[in-house]
Structures are given as structure tokens and as C-alpha cells.
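Taking it in order: structure first as C-alpha cells, then the write-up.
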Amino acid sequence: MKFSCQGERPCARVLAKAMCGIIGYVGRHRAKDILMDGLKRLEYRGYDSAGIALLEGSELRIVRAVGQLEALIRKAAPLELAGTVGIGHTRWATHGGVVEENAHPHRSSDGKIALVHNGVIENFATIREFLLSRGYCFASETDSEVLANLIAYHYGRGGGSGEKNHFGESVRRALLHVQGTYGIAVLCEDRPGELVGARNSSPLILGIGDGEHFLASDAAGFAARTRDVVFLRDGELVWASGEEFLLTNLCQERVEAQRQELDWDLTAGERGGYPHFMVKEILEQPQALENAMRGRFSADGSTAHFGGLAMTPQELRQVERIVLCACGTAHCACLVGEYLIEGLARIPVEVEYASEFRYRNAPMDRHTLVLVVSQSGETLDTLEAMREARRKGFRVLAITNGVGSSIAREADGGIYQHAGPEIGVASTKAFTSQLCLLALFALYLGRLRDLSFDEGVSIVEVLRAVPGQVREILLQGEAIRRIAERHGRCRDMLFLGRQVLFPIALEGALKLKEVSYVHAEGYAAAEMKHGPIALVTPECPSFFLACDGATLPKTISNMHEIHARGGPIIAVLSQGSAVPREIVDDPIWIPRAHGVALPILAAIPIQLFAYHMGVLRGGDVDKPRNLAKSVTVE
Ligand code: M6R
């Protein structure tokens, strides 16, 4: 899909949201199986608890369990659940602790309505007070249960009205009173063949099958059954039976559904024979990099081009400053982008945490371009930073892997990563694919300015060689596992690199923390002597990114300083490196490379190291504690 521009809907309110996976089904098949399968594919969005609600004739049955989906599957296994309409949820806790009462689906106190919700109802306290005064009561601490009751209240006011869409209308009326964000799927005990969903700032996708409809917060939830989809927009509501659906907005106006065909390789989202998604995705990087570059080099091999930027070369030449905005790993990618764009295109770049940028009111002149980077395309901080920039009239481009995601749809233009689904919570292939695209973008901007034809050709050659070089580095997986084994008991680590490898040091520390829970800090190598060196002991290893480059002699001095204090050194080195072997305890070799390729190559060993540390230390590397893949809360 091409990036497209989309204005805000008149009825939309844009606020903070929470992250969870939701799924809904109405059709002829056993909903339980379809919901469980969908939840498996959505579990990356949260795994504190999970639940399903099914309509068994006119009886509403709910099963919920704390912990990963496995717990729910075990609990539901002995139950006879043959209903063909249902909703399901996998939770990342926001309001209320991780206990069964707070797990979704929530049921209204009159028993009529069951709801799953992804988002935050900001005025839930006021609504709760109102409902308490009307005799409703609450079993959980969640804001979502309040919404279930509010829908029940409006449903009850209709007095069991026989009008065809009374259920959908009750949901709409309830939502008119809600401040906050939601992706919801709702069932009503009296309406056994109906499902209602709505969206405001939390993704919701309708899947259209043969005599069946699906709802999910990510099309992965149902893509095994249909590729025919409608991405709901903010302020839209859908009512569906098996045979038909109706899309409206909160102002009760009918909305023309824009149906799209998903173009997905479903096996890409499977773990296959791999022990973890994380290692599968690390090993997929050569392919992901090829996908990022495919069709993006000019015929003369001297520059890159992109189909969806929606900016002419003339407009891009007017850009005098670029602000790169992202979170987490994507932010580390942007820091590399800063070096590359400034180096190749000589355009000043600033890198901002999206969460800070949004509230900072940074002065930006009219020749500033904003580029946001997000694997999921749904990270709330990034989305809101982008909205803020657009509100101020800035042109915003996006690099994202999330086809049809909120960021992809709201950006003025952008570049899809085509890295395939990334399920492991720790970002790996999406990161190197972002590095690759930022390099291509820098090359393109450079060639619009002073970068010569010959320089362009040599950079294209460097980039084309990267997937093969990554394949070579991946062969060292076992050697890196042994290094991890030697350091598996450490409590702290430093990651150190300079220039374009400094952000890779930051990413190395982030990756290690995420999957192994070892405390790690990333620093510009020379900064180490200004404080962090105090941490160095024989129990605190330093992981150097010490590849060839102008600053290597200085980095070697830093390595000596750590070696002299008994600190073990793991180092990523260029083949044939001048780094004295006696100061490196554990070398990892990568091919010599140009600065545009080096960050990608150096990222591979840090990913493998973090992965093996995580596995050795017994953590769940695909679903590390307290994390979720797509962070849609502020
Ligand atoms: O989907 P995004 O790229 O916007 O996500 C941003 C961060 O939440 C993400 O990179 C996070 O830091 C990862 N867990 C890192 O492995």
C-alpha cells in the first residue's frame, strides 16, 4: 500500500491509549478456535492476562486467566464452547493490577454486554460515579468495565427496542460520552448473531470472510482466514453479522468502507522450527535487508529512489533541517541516521525522543522536514509527535514496517520497510532494516545535493553487499553463544562505541537489558573515562564496537584503560584489525566496511549476544517481563 495522507475525522478525539490485542468473530465456525488462534498471533501486544467471551445461543460465557495465553488455553480446553460469535483479549495492564477480575472481557453488571477494550477511558471516574448512582456495580478496577456498563445503560434505555441496530446504536451513544481512546469489540446477550466494534486512536481492522466477519487490533489476528479488510478510522463504528456489516461514524452517518486486499506471507509470522521468534528474526536479516533495498536503486546505480515519499526532488532540495523522531530501538536507528544524513547530504539533523518532542515546542523553521521511524507504526508517542508536527504545518515522512498502520496512514509520505512481521518483542530485523533505509534516504538526499555520481555508485555497491556480509556474520552464532556463556553471570555491562557505532552501543545496552535483565549502559567510548569507568571490575565486562575508522586509535586507548583495571573486554573488530589481541578477551570479527554499512554489520553480534544471554539466563526472550511489542501508552 502507498502511504497516504488522511485528515482527522470530525468526530475523532485523540488522546492516550493502552496496548492490548483484541479479536472478534461472527460467523458459522466455532468461535473459540478462531479466537484462540487470533490471540496467539496478537499475544505480542500484551501478555499479562487473556480472556474470551462467547455467545452460546443467548447465553454469554466468559473465560479468563492470568498469565500468558497458555493459561487461558488450558482453562478453556475442558469447556464445551460451541458458539459461533465471540470476542477475545490479551492484556498489557494499565488500570488495575494483573488479576483475573481485571482481565478482559468485561461484563456489564446486568449481564447483557461483554466488551474487550484496547485503550484508556480518561473520564472513567465520572462515568463510574454516574453509573453507580443508577445502580450499576463493578467487579474490577478497570476503565473498560465502566464502558461495558455504559453501553448496557444505553441499551437498557432503549427498553429492549426491536429496532434492527439497537445494539450498535447503544454502543454509539455510550461512546459519545467517552473521553479517551479505544479499540473495542462488543457482544450483547440479546443479539446472538451480532458483533460491534469501534475505534478511536487504537487500531481496529474489520476482516470480511465468506459468511463471517472478524475484528482485530492487528490484521495478523485473522489473516489466516481472510485478506479482505477495512481499516477503521478514528471515530468509526462497525456493526457486523455473519452476512453483512455496516460502517458509520459517531455522528450516525454511513461511511463508505474502503476495502483492501492484504498482501501477506503468513508463514512469515510463524516460529517454524526455531526455538524463539527473536533468533528467527535475527537470522532473517539478510532477506529483510534485501527487501528494504529491492527496487530502490536507480537504473544507473548511483542513487536510491522511493515510490511513496510524495515530495519532489525540488521540494527535498528546499529542506534545510531534518528532525528525526522515534522511540526505543527506532530512536537508536535515528541516531545512526543523523550521522548518515549529515555525512552524505550535509543537512543538519536533530534526533528527538518522540515523547519529548511532542511537548517541547521546539522552534523549527519552515524548511524543516520531520521524519518519524516506527516498526509498528502504532507507537503512541511517535504517532502523537507526528500529529503535533503536522498540526503545525510541517511535512512529515515516516519509515515504518506497519503496513496500513496509523503512522503509515497519517504521514504525508514515507517508506515501507517490508521486513515482514516482527513478533519478538525485542526489535532486531526491523532495526537493521531501518538503518538500511536511513542509509538509502541519506544517499538519495546526498545525490540531490553535492554527492558525486562516483560516490553514489560506490555507496550503492557497499549497500548491495550488506546482506551477504550479514550472512557471513550470522555464521558466528555459536561462537557468540560461547562468549555469552562466559559472561552469563555478570550483573552489569558497558557497551561502548564511537561515531556511527555509538548508537549501536546504545542499542546493544537496550537489547541486553530487555531480554536478559542484565543492567547495561551504552556510552560514546571516550565518555567512559568521564564517569562510567568507575563501574569497571573483573565482574563488569565492556562490549566494544571497535571497528576500523578514523577514531579507532582513540578507542584502542579506551580499551587499554579498561584492560588495565581488570575489566573483561568483548569487542566487535574489523577483519585484520590493528587492535592488539592481548587486550581483547573475546573478539568477534566482522567484514571491513564503509560507514554506511558498518552500523548494520555491527548490530548483528550485539543482537546475537543479547539473545544468547537472555536464553542462558532463563528469561522469556520473545516476551520479556513488563514489555509489549507495540507501546501504545504515553
Ligand atoms: O514500533 P516502534 O518501532 O515505534 O517501537 C518503538 C519501541 O517501543 C521499540 O523499539 C522498543 O524499544 C523495542 N522493544 C526495542 O527492542
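Of everything in the range 46-76, what is closer than 16 Å to Asp33 by Cβ and part of a strand (DSSP E or B)? Give them in sequence order.
Result: Ala50, Gly51, Ile52, Ala53, Leu54, Leu55, Glu56, Arg61, Val63.
Do the conditions hold for Ala526, that is, is it part of a helix (DSSP H, G or I), outside the structural domain of Ser433 (by TED's automatic domain parsing) and modelled with pLDDT under 95?
So Ala526 fits the description; yes.
Does the range 28-43 hold any residues that are touching a helix residue (DSSP H, G or I) at 6+ places or on another chain (Cβ under 8 Å) and touching a residue at least 60 places away in the same chain (Cβ under 8 Å), and which are they?
Gly38, Leu39, Arg41, Leu42, Glu43
Mind counting the residues in the range 376-401 that are open to solvent by 10 Å² or more (accessible area, probe 1.4 Å) and within 12 Å of the ligand (Cβ to nearest atom)?
5
For (1) touching a helix residue (DSSP H, G or I) at 6+ places or on another chain (Cβ under 6 Å); (2) away from the ligand (no atom under 16 Å from the Cβ), each residue gets a yes or a no:
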{"residue": "Leu496", "(1), (2)": "yes, yes"}
{"residue": "Lys511", "(1), (2)": "yes, no"}
{"residue": "Pro532", "(1), (2)": "no, yes"}
{"residue": "Asn558", "(1), (2)": "yes, yes"}
{"residue": "His563", "(1), (2)": "yes, yes"}
{"residue": "Gly576", "(1), (2)": "no, yes"}
{"residue": "Glu582", "(1), (2)": "no, yes"}
{"residue": "Arg592", "(1), (2)": "no, yes"}
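Answer yes or no as to whether Pro587 is more than 30 Å from Arg271 (Cβ to Cβ), away from the ligand (no atom under 16 Å from the Cβ) and either open to solvent by 20 Å² or more (accessible area, probe 1.4 Å) or outside the structural domain of Ile483 (by TED's automatic domain parsing) (or both).
Taking the combined requirement at face value, the residue satisfies it.
Out of curiosity, is Leu627 open to solvent by 10 Å² or more (accessible area, probe 1.4 Å), within 16 Å of the ligand (Cβ to nearest atom) and in contact (Cβ under 8 Å) with a residue 24 or more places away in the chain?
Yes: the conditions hold for Leu627.
Which condition number does Gly420 fail, the rest of (1) within 16 Å of the ligand (Cβ to nearest atom); (2) open to solvent by less than 10 Å² (accessible area, probe 1.4 Å) being met?
(2)
Restricting the first residue to the range 514-535 and requiring it to be among the acidic types (Asp, Glu), which pairs with a second residue that is in a strand (DSSP E or B) and at pLDDT 90 or above meet a Cβ separation below 9 Å and a spacing of at least six or different chains?
Glu521/Asp492; Glu521/Met493; Glu521/Leu494; Glu521/Phe495; Glu527/Leu496
Hey, Trp589 hits all of (1) in a helix (DSSP H, G or I); (2) in contact with a Leu (Cβ under 7 Å, 6 or more places away or on another chain); (3) closer than 30 Å to Ala292 by Cα but one; which does it fall short on?
So the condition that Trp589 fails would be (1).
Select from the range 309-327 the residues that are within 16 Å of the ligand (Cβ to nearest atom) and open to solvent by 20 Å² or more (accessible area, probe 1.4 Å) and list them in ascending order.
The one that is within 16 Å of the ligand (Cβ to nearest atom) and open to solvent by 20 Å² or more (accessible area, probe 1.4 Å): Cys327.
Which of the residues spanning the range 65-82 are open to solvent by 10 Å² or more (accessible area, probe 1.4 Å) and either under 18 Å from Gly221 (Cβ atoms) or of a type in the set (A, V, I, L, M) (or both)?
Our first condition is that a residue be open to solvent by 10 Å² or more (accessible area, probe 1.4 Å); within the range 65-82, this holds for 66-68, 70-71, 73-75, 77-80, 82.
Correct list: Val66, Gln68, Glu70, Ala71, Ile73, Ala77, Leu79, Ala82.
Spot the failing condition for Arg482; the list is (1) open to solvent by 50 Å² or more (accessible area, probe 1.4 Å); (2) within 16 Å of the ligand (Cβ to nearest atom), and only one is missed.
(2)
Out of Glu527, Glu514, which single residue is under 25 Å from the mean Cα position of the chain (by Cα) and at negative phi?
Being under 25 Å from the mean Cα position of the chain (by Cα) and at negative phi holds for just one of Glu527, Glu514, which is Glu514.
From the list Lys511, Lys554, which residue is open to solvent by 40 Å² or more (accessible area, probe 1.4 Å) and in the same structural domain as Lys629 (by TED's automatic domain parsing)?
Only one candidate qualifies: Lys554.
Looking at the range 128-157, which of its residues are among the polar types (S, T, N, Q) and open to solvent by less than 50 Å² (accessible area, probe 1.4 Å)? Let's see the steps before the verdict.
Applying the first criterion (among the polar types (S, T, N, Q)) to the range 128-157 yields 133, 140, 142, 144, 149.
Selection gives Ser140, Thr142, Ser144, Asn149.
Condition (residue is hydroxyl-bearing (Ser, Thr, Tyr) and either farther than 25 Å from Gln575 by Cα or surrounded by fewer than 24 Cβ atoms within 10 Å (Cβ to Cβ) (or both)) applied to the range 542-550: is it met by at least one residue?
Scanning the range 542-550 turns up no residue that is hydroxyl-bearing (Ser, Thr, Tyr) and either farther than 25 Å from Gln575 by Cα or surrounded by fewer than 24 Cβ atoms within 10 Å (Cβ to Cβ) (or both).
Taking the condition of being among the hydrophobic types (A, V, I, L, M, F, W, C) and within 12 Å of the ligand (Cβ to nearest atom), how many residues in the range 597-624 meet it?
Summing the residues that are among the hydrophobic types (A, V, I, L, M, F, W, C) and within 12 Å of the ligand (Cβ to nearest atom) in the range 597-624 gives 4.
Of all residues in the range 328-353, which are within 16 Å of the ligand (Cβ to nearest atom) and either among the polar types (S, T, N, Q) or on the phi > 0 side of the Ramachandran plot (or both)?
Listed by number, the residues that qualify are Gly328, Thr329.
Return yes when Gln434 is within 14 Å of the ligand (Cβ to nearest atom) and either over 30 Å from Gly269 (Cα atoms) or modelled with pLDDT of 95 or more (or both) and no when it is not.
Criteria met by Gln434.
When you scan the range 87-204 for helices (runs of 4 or more DSSP H) that lie fully inside it, which ones turn up with 2 or more residues that are under 28 Å from the mean Cα position of the chain (by Cα)?
143-157
Scan the range 105-127 and report the pairs whose first residue is open to solvent by 20 Å² or more (accessible area, probe 1.4 Å) and whose second residue is assigned to a loop (DSSP other than H, G, I, E, B) and acidic (Asp, Glu), with Cβ atoms within less than 6 Å and a gap of 6+ or a chain change.
Partner pairs satisfying both residue conditions: Lys112/Glu189.
Given His89, His106, which one is of a type outside the set (A, V, I, L, M), in contact with a strand residue (DSSP E or B) (Cβ under 6 Å, 6 or more places away or on another chain), in the same structural domain as Thr181 (by TED's automatic domain parsing) and under 19 Å from Leu175 (Cα atoms)?
Sole residue among the options that is of a type outside the set (A, V, I, L, M), in contact with a strand residue (DSSP E or B) (Cβ under 6 Å, 6 or more places away or on another chain), in the same structural domain as Thr181 (by TED's automatic domain parsing) and under 19 Å from Leu175 (Cα atoms): His106.
The values are calculated or read from the model by the stated rules, or taken from the named source; none is laboratory data. On a predicted model such as this, the values are computed, not experimentally measured, just so you know. Here Cβ is always computed from backbone atoms with ideal geometry, including for glycine, and neighbour counts include all displayed protein chains. Calculation scope for accessible area: heavy atoms of the full protein, side chains included, ligands and nucleic acids excluded. Shrake-Rupley method; radii C 1.70, N 1.55, O 1.52, S 1.80 Å.
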